[in-house]
1. Taking segment 32-64 as the region of interest, how many residues are under 20 Å from the mean Cα position of the chain (by Cα) and surrounded by 10 or more Cβ atoms within 10 Å (Cβ to Cβ)?
2. Of these, 46, 111, 77, 81, which one is at pLDDT below 95, under 24 Å from residue 149 (Cβ atoms) and in contact with a strand residue (DSSP E or B) (Cβ under 7 Å, 6 or more places away or on another chain)?
3. Going by what's in this entry, would residue 117 be described as crowded, with 19+ Cβ neighbours inside 10 Å, free of Cβ contacts under 8 Å to residues at least 60 places away in the same chain and part of a helix (DSSP H, G or I)?
4. Does residue 137 satisfy being touching a helix residue (DSSP H, G or I) at 6+ places or on another chain (Cβ under 9 Å), in a helix (DSSP H, G or I) and more than 30 Å from residue 31 (Cβ to Cβ)?
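The values are calculated or read from the model by the stated rules, or taken from the named source; none is laboratory data. What you see is a predicted model; the values in this text were computed from it and never measured. When we count neighbours, we look across all protein chains shown, and the Cβ atoms used for this are built from the backbone with ideal geometry, even at glycine.
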């Protein structure tokens with residue numbers, strides 16, 4: 001009799017779909033992010049080296065966005081002219097961002113948060129966004145200009 005009830009329980013679980021995995025479906029947000037990934041992958045992932053970035057700043061005059069934390073800004077300084085908005089607060093500060101046609105140079109400490117910011121900015125509609133390769137750490141190590149926040 002015990003085997004009978006175990007069989008009934010197993011059939012019941014199978015009938016309710018508990019063993020069936022959820023089907024993955026793509027939504028509009030996922031499609032937008034994937035399009036950005038494809039685009040950025042064709043552009044060396046949007047990275048720009050510090051030595052090229054200094055020329056880029058002088059010649060293109062991009063909006064410079066530092067997405068590190070206030071503690072990091074206080075401890076190490078910022079690239080001159082940078083607007084400081086932590087990555088986790090970027091959505092609340094959209095009004096502080098430039099028009100969509102303005103080039104943006106984004107950076108963090110080493111590059112990962114900058115890449116997240118680049119992806120987010122691209123999904124917002126910005127076309128010309130570059131991420132500082134190696135982040136602020138590489139910038140400072142190269143002896144490039146830094147100002148205290």
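1. Of all residues in segment 32-64, those under 20 Å from the mean Cα position of the chain (by Cα) come to 32-50, 53, 62-64.
Subset that is surrounded by 10 or more Cβ atoms within 10 Å (Cβ to Cβ): 32-37, 39-41, 43-50, 53, 62-64.
Residues meeting the conditions: 21.
2. Working: 46 fails: under 24 Å from residue 149 (Cβ atoms); 77 fails: at pLDDT below 95; 81 fails: at pLDDT below 95.
Matching residue, one of 46, 111, 77, 81: 111.
3. Numbers: crowded, with 19+ Cβ neighbours inside 10 Å: yes; free of Cβ contacts under 8 Å to residues at least 60 places away in the same chain: yes; part of a helix (DSSP H, G or I): yes.
Criteria met by residue 117.
4. Numbers: touching a helix residue (DSSP H, G or I) at 6+ places or on another chain (Cβ under 9 Å): yes; in a helix (DSSP H, G or I): yes; more than 30 Å from residue 31 (Cβ to Cβ): yes.
In short, yes.
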